[in-house]
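The values are calculated or read from the model by the stated rules, or taken from the named source; none is laboratory data. Just so it is clear, the model here is predicted, and its values are computed rather than measured. Glycine also receives a Cβ, built like all others from the backbone with ideal geometry; neighbour counts cover every protein chain displayed.
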């Protein structure tokens, strides 16, 4: 049987302080390869923390996290960084594109740190940009692009390294309804290609694209089967 | 299991990619990068120009060194102080044959002795003219010299001749007078052997000095042979011995002269030698260097602070970029090394531009003064290296700060 992409086993994340914040409380969560999951919930419920833990940007204070079957609690900081660069793609609400680089260079930046062969970077970037329908924008700088186009550049950057897991944090938060739709269509295409996707959002429309939805309230995660698709 | 832990790829950044990323970042803000390196350019430029100019000038001192002064040695009698004040200088330590003794030393070109003769208030006049309105008697200095002294003083005659050893040994009542003295005494030719009177003593003028290279006091004096001065004016001691040496022999002669003149107690004589040209050159280089190297160092420090400042600002501006790079797999050391390479590159470019402008300054100054520019070859080569080190040091703190940022916070903070 194939190993799940993500398995969280009673994962907690507590931020120490004068009043400790329990961002995640004993979360159990399994994500099979090819799943498209949305995480919804009010702000401050721990959605972003969940995403950071999944993306190896943050470490659980308790519990076990297996990514592609690797127990990431047992590996050191450098290996976690390597795993992140190799197997995880991020899409952020505010795009995080490098202002002075062309669209292609922005996508290629994701291949700098994971021993991707230098000669194939450009070809891979072009391929990823064509997948998000931006083959005609490759030599422009991000400031010439619309919001939706920028977010698609960010998606191209996230998928260019063929990650195991794509994490999107409010990917349409800075976009209007029309452009949001183009981004969501890209996610649908990626889902068809078999990419494993986690989208954090508070937008019902966005959430409804996912086959599986999970809710977070006060650091507690609960499954729901209510949604457009089926499991 | 599809992926085993062994297949974890450790984060890696090829050096070529590191340099490319850093240079691209610098070129993204060319104006700011240029302004940032300005301090380093000034600092390195000042240092290179300083070292070059002092070297060039130091070299120049050797060639332009006053050959006349560099070959002169003077021996005088040391002023002696007893318990009861200055002792009477009754003892003459310098022998009357000092000129011969000096000329026997190897390296001596010319030597002569000179003494001021006390006139005891006697005035000097020429053949009396009964002009009640004009002054006819003057207090003119009497100077006794050995014949060699005219050579030392580079004296040129208007007319007549110098006296020689014969005049001195016979104590002939002859004199050579300077052109100012001649004018005062109304003497302009010597072919009729004009006589002058110092008090009651008659002297025949045999020559008039038109010009001297040194010892301008001769121009307004009555110059007597030593022997004449001793016999007629009771001269009993020599004031000074002057020696001209071969070029480069001044130090040697200076060490020998006192012993040759007064072997018993040579250190009772005072020997004045010119400063050693090598020492002068070194001293000039040191003076110039010390001052301007401090200035160059200060501007370099300011340059370093400038780079540190701008790199720090740039780190704070690029927090989002740092977060993004961490999210695509950059390790802390990759973030640090990118900022370090950026600041080192700025220092390096500053070093190159600074060294170039420094060399230009040296060449320009040399051209303006028709000097030969001299520069140690390691300076233009070492300057960019120095600039790079300065840049590296300046980037240390900002780079460390950048690498310590937590990716989650960096992503949240910046765009």
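Is region A:67-75 home to any residue that is in contact (Cβ under 8 Å) with a residue 24 or more places away in the chain and either more than 8 Å from chain B (Cβ to nearest Cβ) or crowded, with 21+ Cβ neighbours inside 10 Å (or both)? Yes: region A:67-75 contains one or more residues that are in contact (Cβ under 8 Å) with a residue 24 or more places away in the chain and either more than 8 Å from chain B (Cβ to nearest Cβ) or crowded, with 21+ Cβ neighbours inside 10 Å (or both). Only residues that are surrounded by fewer than 18 Cβ atoms within 10 Å (Cβ to Cβ) and under 19 Å from the mean Cα position of the chain (by Cα): list them for region A:43-65, please. Selection gives A:43, A:44, A:59. The one condition from (1) over 26 Å from residue A:67 (Cα atoms); (2) within 14 Å of chain B (Cβ to nearest Cβ); (3) within 20 Å of the chain's Cα centre (by Cα) that residue A:163 does not meet is (1).
The residue list A:105, A:130, A:120 contains one member that is assigned to a helix (DSSP H, G or I) and at the interface with another protein chain (Cβ under 10 Å from one of its Cβ atoms), which is A:105. Restricting region B:101-122 to residues that are surrounded by 14 or more Cβ atoms within 10 Å (Cβ to Cβ), at negative phi and assigned to a loop (DSSP other than H, G, I, E, B), the residue that is modelled with the lowest pLDDT is B:119.
Specify the residue that is farthest from residue A:87 (Cα to Cα); the eligible residues are those in region A:144-161 that are outside any helix (DSSP H, G or I) and touching a strand residue (DSSP E or B) at 6+ places or on another chain (Cβ under 9 Å). Among those residues, the one meeting the criterion is A:160. Residue selection: residue B:312 satisfies the criterion of being away from chain A (no Cβ under 12 Å), touching a residue at least 60 places away in the same chain (Cβ under 8 Å), surrounded by fewer than 24 Cβ atoms within 10 Å (Cβ to Cβ) and under 15 Å from residue B:399 (Cα atoms). From the list B:67, B:153, B:98, the lone residue that is at pLDDT below 90 and surrounded by fewer than 12 Cβ atoms within 10 Å (Cβ to Cβ) is B:67.
If you check residue B:214 against the conditions, is it in the same structural domain as residue B:103 (by TED's automatic domain parsing) and under 23 Å from residue B:102 (Cβ atoms)? Here the answer is yes, as residue B:214 does meet what is asked.
The residue list A:207, A:180 contains one member that is under 22 Å from residue A:28 (Cα atoms), touching a residue at least 24 places away in the same chain (Cβ under 8 Å) and part of a helix (DSSP H, G or I), which is A:207.
Here B:255, B:299 are screened, and the one residue that is surrounded by 19 or more Cβ atoms within 10 Å (Cβ to Cβ) and either modelled with pLDDT of 85 or more or out of contact with any strand residue (DSSP E or B) (no Cβ under 7 Å at 6 or more places or on another chain) (or both) is B:299. The set of residues in region B:13-25 being free of Cβ contacts under 8 Å to residues at least 24 places away in the same chain and crowded, with 18+ Cβ neighbours inside 10 Å consists of B:17 alone.
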